[in-house]
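Comments concern the structure below.
No value in this document is a laboratory result; all are computed from the given coordinates. Just so we're clear, the structure is a prediction, and the values are computed from it rather than from any experiment. Counting neighbours? That spans all protein chains shown, and the Cβs are built from the backbone with ideal geometry, glycine included.
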Amino acid sequence: MTEWWRDAVVYQVYPRSFADADGDGIGDLPGITSRLPALAELGVDAVWLSPFYPSPQNDAGYDVSDYRDVEPIFGTLADADDLIGTAHDLGLRVVVDIVPNHTSSEHRWFQAALAAAPGSHERSRYMFRDGGGEDGSTPPNNWRSVFGGSAWTRVTEPDGTPGQWYLHLFDSTQPDVNWDNPDVHEEFAETLRFWLDRGADGFRIDVAHSMIKEADLPDWEDDDSPMGGTAEITEDRRPPMWDQEGVHEIYREWRRIVDSYDGDRMLVAEAWVTPYERLARYTRPDELHQAFNFDHCVAPWRAADQRGVVTTSVEGSAAVGAPATWVLSNHDIVRHASRFGFPPASRGLGGIGPDDPQPDAVLGLRRARAATAFMLSLPGSAYLYQGEELGLPEHTTLPGDVRQDPAWHRTGGEDTGRDGCRVPVPWEADAPSFGFGPSAGTWLPQPPVYGELARDRQQGVEGSTLELYKAALRLRREHSLGHGDTLDWVEQWCGPQSLGLRRGDVLVLVNFDGEPADLPAGHRVLLSSGPLTDGRLPSDTTVWLAPA
Ligand code: NOJ
């Protein structure tokens, strides 16, 4: 067994926004396939595709109406086969997304549940409950949707009378399924097998900490959003909708399924859970292979915070025999080139609108490059989000009328939402839609700066962010930087504003916020996230050094 995932660098493709082959302004599978050689050249090990399954797209595909087919705007099953086959030919693994907490309200099961009576088998595949009050007109409990508003919606029964309520932790078109029903286990097991049979190398599990709810669904007073607000579990604080014991049994079941296939397939959890020991429980030897480390992406850009999160993560994962993972950007949070353009710890991960304070773009990119160079030197597996290799910033001035995120709509604009990190990627500066597709159309508008940052403007250009990523990925592989599960801090570099870490034969130094620092003698620079100042390491810069 190769256990390739232990130190893999996985590149997240968000299908709507990666590459558009047919010119409708929305990315698609043939577009992705045509651009795979660029990812192989970048030097990543695997591609993770956000959902491309049939869906009314009320949550950009995280509302799945059929788990075993392809949404027509993205292509066909044959296109999916072609994508997987092409990726494999290029030496890239393919991880697909699975969304087991909820289906779309257009899923055949939910439609059958609506047509059936309260108490029926059809309804028992979801979380239907009677309402409170004399006429059942108040929601069964006080839970809030992560996207705003109540987590309950009342249905009209087939006879036209006001009826039961169903639970949706997300949008009202994303009803939560009931994992106490064996049908649900069978259905998802079949879906896993379907994509494993088609060659998928693994699954990213959406809201992996949510599938089981505490019995009786007790009220919960905290506002506890899993995106940008982690579900914190302590002795006194156990949210009834997150991180329940029962989820682990599901993952043991899934682990047996993937282990029955050849080729070292893997499972990775999206679970916003703290403290780290709670997260690590998802990666015990008979459960999932990895869990996303959101503690990493929320850690402020300060030496002590970064040292703290790296230490906790590496030690916490090693305790269960799993690799740590690292992530700075994804499709739910502000891109790190913009996030780091604010003073450390001054804001969270939530979206930025035109009326909000704007980030310092130059400082943000400088820190983002330093943070990435630090991340790619760490033991474990790293996740990149499409476009970060170009240093793309968040689109921070999207007008409200183009926004599509249900979080924006369900809160009347109070939550800016996640559209700003989902803007189509620029490939060629002088082409329509910056080469995203053959037409000028893009489902979200691209900011002008995306032209300057287009891939063709950076390809082969010394010092560009693209070339930095390529060099870092090549050197990470050559020096096996992802291997191991221990940390060797170089204490004379661990001042209040700097860090030093020995990774095999490579010495990694980060200056977070200080005067330019002398580099240790007897070394040569393998990689630098930005220019040195007279041979010294300036602030917000990371270097990798090798013995001279
Ligand atoms: C997490 C996904 O990353 C996010 O995009 C989605 O809205 C929610 N889960 C609900 O599926």
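Some points to look at:
- Database remark: amide H of S210 closer than 5 angstrom to the amide H of D243 (H placed geometrically; neighbours at sequence offset of 5 or more, or on other chains; Pro and chain starts carry no H).
- Built amide H within the under 5 Å cut-off of L384, gap 5+: V10, Y11, Q12
- Helical runs assigned H by DSSP (4 residues or longer) give the chain a calculated mean residue ellipticity at 222 nm of -7500 deg cm²/dmol, each run adding -39500 (n - 2.57) before division by the residue total.
- The stretch between D22 and R108 holds 28.1 nm of extra length on full extension. This uses 0.36 nm per residue minus the Cα-Cα distance.
- Local electrostatic count, A454, Cβ distance below 11 Å [Lys/Arg +1, Asp/Glu -1]: -2
- Computed from backbone phi with θ = phi - 60° and the Karplus coefficients 6.51, -1.76 and 1.60, the 3J(HN,Hα) list for the stretch 235-242 is 3, 9, 9, 10, x, x, 10, 10 Hz; x is used for glycine and proline.
- With only the Cα atoms considered, the chain has a convex hull volume of 146 Å³ per residue.
- When the Cα positions of I84, P51, P139 are compared along the charge dipole of the stretch 37-173, P139 comes out farthest toward the positive end, with charges on each C-beta of Lys, Arg, Asp and Glu.
- Selection from L288, L519, L468, by position along the positive dipole direction of the chain (Cβ): L519
- Pairwise Cα separations in the stretch 505-548 fall into 10 Å bins from 0 onward with the following percentages, short to long: 32, 60, 8.
- Isotropic mean projected area of the C-alpha convex hull, the stretch 166-275 (nm²): 8.0 nm²
- Evaluating 6.51 cos²θ - 1.76 cosθ + 1.60 at θ = phi - 60° for every residue in the stretch 204-213, the Karplus couplings come out as 9, 9, 5, 5, 5, 9, 10, 5, 10, 10 Hz, glycine and proline recorded as x.
- Förster radius 51 Å - calculated FRET efficiency between S120 and R477, Cβ distance, rounded to 0.05: 0.40
- Working from label points 7 Å from Cα in the Cα-to-Cβ sense, the S346 to R193 distance is 5.5 nm.
- Förster radius 35 Å - calculated FRET efficiency between S34 and E467, Cβ distance, rounded to 0.05: 0.95
- Between H102 and V177, the built amide H atoms are under 5 Å apart, and every one of these is 5 or more places off in sequence or on another chain.
- DSSP-defined antiparallel bridges as percent of all bridges, the chain, nearest 5: 55 percent
- Karplus (6.51, -1.76, 1.60) ³J(HN,Hα), θ = phi - 60°, over the stretch 483-490, in Hz, Gly and Pro reported as x: 6, x, 9, 10, 10, 10, 6, 9
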